[in-house]
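Structure record follows, encoded as structure tokens.
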Amino acid sequence: MPSVFIKTYGCQMNERDSEAVAAQLVAKGYRLAPSEHVADVVLLNTCSVRDNAEQKAINKMENIAGDIRKHRPNVVLGFLGCMAQSRGQELIDRLPDVDLVLGTQKFHRTAEYLDDLLAGKRAKVVDVAEEQGSEGTIREHLLNGNAQKSVTAFVSIMQGCNQYCTFCIVPYTRGEERSRTIEDIVGECRQLVSQGIKEITLLGQIVTSYGRRGSVRHVTPRADEPTPDPSEEGSEPRGARPQFPSLEGSGVGSSLRPAKTTFVQLIEAVHEIEGLERIRFTSPHPKGYGDDLVEAYARLPKLAESAHLPVQSGSDRVLKLMHRGYTRARYVEIIRKLRTARLGIGITSDIIVGFPGETEADFEETLSLCREVEFDNAYLFKYSQRKDTPAAAMPDQLPEDVIEDRHARLLSLINEIGKRKYNEFVGRQMQILVEGPSKRNPARMSGRSRCNKIVLFDGSERHRGQLLDVRITRAGLFTLYGDPAIVNL
Ligand code: 5AD
């Protein structure tokens, strides 16, 4: 029984892909190894979104090849995912110890290729081709991978991205948008809930575009359907698309109610699942945040009150250069509506500092947006030039010291706002879903509030999976500490 170790870089989508590959391999008789040092197969599931993510994976593979391979020449080494997709054969040319390079539409073939490599039937495999229907192939979950029962799960609802933000490599590494059917997704969610999952996060590069290529414009065109966004034009889907429900009965045509997107229809269908406590999704695009989605927060109680809504910049000029498809004012308006629809909603964001041509005045717009919106937290990214993206060829690429300086200034603002917002929870009671022991201090248990704050408390394994009311006693940086509340009746 060969053993495999998978190391994952990058986003939640990558985490989910790795989990599915691990489950597939276990089903085929592989064992999961606790580290690369004892595994027969070492796979690195890679990220391409910034250069340093790529360098990390390449350095890791160099170390493994130089160290582990020396002592155990038969170990199989592979790159999976985004960097495998964008670099292909080049990775083996550079690192000849690598045996397998598998792209983002080929995860489901991992076991087959590894079997061949281990049996000596093939010397090397590079497969980065496109594959029709690959969005429906990642179904396996490994709920008991760490011997303990999982409470939350990610479900992939779509693959790819058609947005083509000028900085971003994802449309090239993940391909065009392809959505799974509502039926298929709900089936997977039901199965997870029957296995004890209480919270599901629907995953996609841009979840608000879910089903667009299947229903809204290609299956049931209606005179009164929502106006397609002009920035979505230009890339038609290939081949037959799955059927999605029509907009029938969704309020389309009424002058008062907004048209219901396929994504909101999906949330409603998942919401019906008995035993499921919470629904989240990531990431939406501000452009797709229509009134129907805002309204969903007001009427669907299982939809947890948190939103990760990447803004990228606070300057309209930069947003335009980025090809984001919204203005600062429109973004602020969405946040205002969300906060009205659901009090206490937690809002987080992604921001890029140092996009080509970003002036000090543009950057100050980003600072002022953060002061205006007051994110609970924001992930800051130093702009990184990506191969073949339009922004890589733009003039005024900024020097590193300018990017570093702006990054430090924005980080201190985000931390200051975060500290203030987290401190506001002290003394309050909140409901958390207990996920398991804290990673840093296994003596503590960790849960998440509905507004997606991590809450640590002194508890034990018996709390896992419980919805628990806790009283917040203190706040750390982006962490809350609480005591299980004693309710006095
Ligand atoms: N440079 C820096 N950050 C980037 N991101 C995407 N592409 C780049 C790039 N070229 C960031 C965006 C996105 C997050 C996942 O990664 O903020 O939302």
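All of the numbers you see were taken from the coordinates with simple rules; none came from a lab. Note that the structure is predicted; figures quoted are calculated from it, not measured. Quick reminder, even Gly has a Cβ in these numbers, built from the backbone with ideal geometry, and neighbours come from all protein chains shown.
See the values below:
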{"quantity": "Whether region 4-141 is rounded, prolate or oblate, judged on the alpha carbon gyration tensor where a/c under 1.5 counts as rounded", "calculated": "rounded"}
{"quantity": "Residue-averaged [θ]222 nm for the chain, counting only DSSP H segments that reach four residues, each worth -39500 (n - 2.57)", "calculated": "-9500 deg cm²/dmol"}
{"quantity": "Distance between modelled label sites at ASP116 and ASN423, nm, 7 Å Cα→Cβ extension", "calculated": "6.1 nm"}
{"quantity": "Distance from region 14-62 to region 277-351 (C-alpha centre basis), Å", "calculated": "32 Å"}
{"quantity": "Tensor-based shape of region 2-77 (alpha-carbon gyration tensor, a/c under 1.5 rounded, otherwise prolate or oblate)", "calculated": "oblate"}
{"quantity": "Prolate/oblate/rounded label for the chain (Cα gyration tensor, a/c 1.5)", "calculated": "rounded"}
{"quantity": "The chain - share of DSSP beta bridges that are antiparallel (%, nearest 5)", "calculated": "35 percent"}
{"quantity": "Exceeding the 24 Å Cα-Cα cut-off - candidates LYS198/LYS382; LYS106/LYS302; LYS198/LYS439; LYS387/LYS439", "calculated": "LYS198/LYS382; LYS106/LYS302; LYS387/LYS439"}
